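Enquirer: Handing you this structure, nothing more for now.
The values are calculated or read from the model by the stated rules, or taken from the named source; none is laboratory data. A quick note: this is a predicted structure, and the numbers were derived from the prediction, not measured. Cβ placement follows ideal geometry from the backbone for every residue including glycine, while neighbour counts extend to all protein chains displayed. In case anyone asks, the SASA skips ligands and DNA or RNA and just uses the protein heavy atoms, side chains included. Shrake-Rupley method; radii C 1.70, N 1.55, O 1.52, S 1.80 Å.
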Amino acid sequence: MAKLDEITRESWILSTFPEWGTWLNEEIEETVVEPGTVAMWWLGNMGLWVKTEGNANICMDLWVATGKRSSKNKLMKPKHQHQRAVGCVALQPNLRTTPCVIDPFAIRDLDALLATHSHSDHIDQNVAAAVLKNCPEAKFVGPKTCTEIWKKWGVPEERLVTVRPGDVISIKDTKIKMLESFDRTMLLTVDDDVVLKDKLPPDMDDMAVNYLIETTGGNIYNAGDSHHSNYFVKHGNENKVDVAFVGYGENPRGMTDKLTSSDVLRVAEELKTEVVIPLHHDIWSNFMADPKEITLLWNYRKDRMKYKFKPYIWQPGGKFVFPDNKDDMEYMYPRGFEDAFTIEPDLPFKSFL
């Protein structure tokens, strides 16, 4: 045990963060995916890990950085996409509320790092550095805006895969289809010297994509930060979707950045998915939402609307296996103590219990 005069701010940080250490890294590595299933872990925010029976390991939108760390500067960064959207100037109170549940530098077995778009809470230089160093075969897959950032950070050209809607790539026993994104906030994410007023927006297909990961255990749709679009119907008509992940949150007054509860149900119905799982609602203090509102609305509507899907309320760091968990409604962390009384307790007397 260290003496108090040996403890510093740096030693505290190194001994505490990431808060889960390598617990989740070890769980993912040790998991053997059974035939006909696919395993997924929520890494916080829109971060997602997918592992297949063929041992394909795919990580999407992993972000291990922070939001605001000081309120001394009271102003938003000029030309920020949210300032462009609603004409606000005050600093956003977006504080990170979810711990880092995975250690990026302990990731060893990864086939591909995917990003849906280049917003700073979906593409992370710490993750990129760790994957670059420790996973020599892993590809960096994303739209042009993402691969340009990775290249600028030092990822070699040969490890970058730039994709657009309509593209298809194969990774071990998976096929990944790139589909259109509906993240309209990305269309406002341009260089500071660009004036967007009265001009055509940039090409969304270069800026963001949605992913459909087809596996032997089921097909996984990742909508990234897409807003609602009727075009989800086309995606649902043309593709089999088993599990759909969407970005959900409580939008502040004047801002539409996340799907609402009603939107989540609409997207699930349009995609014809079996399970819809809201993400992103956990991370930002100013967009914090209770996903049980989705379940409440689903229960209110399901009989009249003849819903054929279920919502699932997850927790960061949690595991979801399709189809094993498809009829579950809510995740609970393992509670432990399954082996209670397998050995004789050491008690002063039995009535102590």
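Enquirer: Among the residues of segment 246-263, is there at least one that is without any contact (Cβ under 8 Å) to a residue 12 or more places away in the chain and either over 26 Å from ARG184 (Cα atoms) or out of contact with any Gly (no Cβ under 9 Å at 6 or more places or on another chain) (or both)?
Expert: Yes, segment 246-263 contains at least one residue that is without any contact (Cβ under 8 Å) to a residue 12 or more places away in the chain and either over 26 Å from ARG184 (Cα atoms) or out of contact with any Gly (no Cβ under 9 Å at 6 or more places or on another chain) (or both).
Enquirer: Could you list all residues from segment 138-148 that are under 19 Å from the mean Cα position of the chain (by Cα) and either more than 16 Å from HIS122 (Cβ to Cβ) or assigned to a helix (DSSP H, G or I) (or both)?
Expert: Correct list: ALA138, LYS139, THR145, CYS146, THR147.
Enquirer: Only one of LYS319, LYS302, LYS326 is more than 21 Å from the chain's Cα centre (by Cα) and either surrounded by 11 or more Cβ atoms within 10 Å (Cβ to Cβ) or charged (D, E, K, R) (or both). Can you tell me which?
Expert: LYS302
Enquirer: Could you tell me which numbered condition ASN251 fails, if it satisfies all but one of (1) within 22 Å of PRO311 (Cα to Cα); (2) open to solvent by 30 Å² or more (accessible area, probe 1.4 Å); (3) more than 20 Å from the chain's Cα centre (by Cα); (4) of a type outside the set (A, V, I, L, M)?
Expert: (3)
Enquirer: Are there any pairs, at least 6 apart or on different chains, whose C-beta atoms fall under 7 Å, with the first in segment 54-77 and among the small types (Gly, Ala, Ser) and the second in a strand (DSSP E or B), and if so, which?
Expert: Listed pairs, sorted by first residue: ALA56/ILE171; ALA56/THR174; GLY67/ARG96; GLY67/TRP284.
Enquirer: Select from segment 122-138 the residues that are in contact with a helix residue (DSSP H, G or I) (Cβ under 6 Å, 6 or more places away or on another chain) and surrounded by fewer than 20 Cβ atoms within 10 Å (Cβ to Cβ) and list them in ascending order.
Expert: Passing the criteria: GLN125, ASN126.
Enquirer: A further question follows. Under the condition of being buried (at least 24 other Cβ atoms within 10 Å of the Cβ) and small (Gly, Ala, Ser), which residue from segment 218-246 is farthest from ALA115 (Cα to Cα)?
Expert: It comes out as ALA244.
Enquirer: Moving to a separate point now. Select, from THR256, THR273, the only residue that is under 20 Å from the mean Cα position of the chain (by Cα), within 19 Å of ASN230 (Cα to Cα), open to solvent by 40 Å² or more (accessible area, probe 1.4 Å) and not acidic (Asp, Glu).
Expert: It is THR256.
Enquirer: For segment 74-102, enumerate the residues that are open to solvent by 60 Å² or more (accessible area, probe 1.4 Å) and either in contact with a Phe, Trp or Tyr (Cβ under 9 Å, 6 or more places away or on another chain) or closer than 19 Å to ILE283 by Cα (or both).
Expert: Those that are open to solvent by 60 Å² or more (accessible area, probe 1.4 Å) and either in contact with a Phe, Trp or Tyr (Cβ under 9 Å, 6 or more places away or on another chain) or closer than 19 Å to ILE283 by Cα (or both): PRO93, LEU95, THR97.
Enquirer: Restricting the search to segment 208-217, which residues are touching a residue at least 40 places away in the same chain (Cβ under 8 Å) and either in contact with a strand residue (DSSP E or B) (Cβ under 6 Å, 6 or more places away or on another chain) or surrounded by 21 or more Cβ atoms within 10 Å (Cβ to Cβ) (or both)?
Expert: ALA208, VAL209, ASN210, TYR211, ILE213, GLU214, THR215, GLY217, listed by residue number.
Enquirer: Okay, next question. Would you please name the residue that is farthest from GLY236 (Cα to Cα), looking only at residues in segment 157-180 that are in a loop (DSSP other than H, G, I, E, B) and open to solvent by 40 Å² or more (accessible area, probe 1.4 Å)?
Expert: Out of the qualifying residues, it is LYS172.
Enquirer: Hey, could you check segment 306-353 for residues that are of a type in the set (Ser, Thr, Tyr) and at pLDDT 95 or above and say which is farthest from THR295 (Cα to Cα)?
Expert: Selected residue: THR342.
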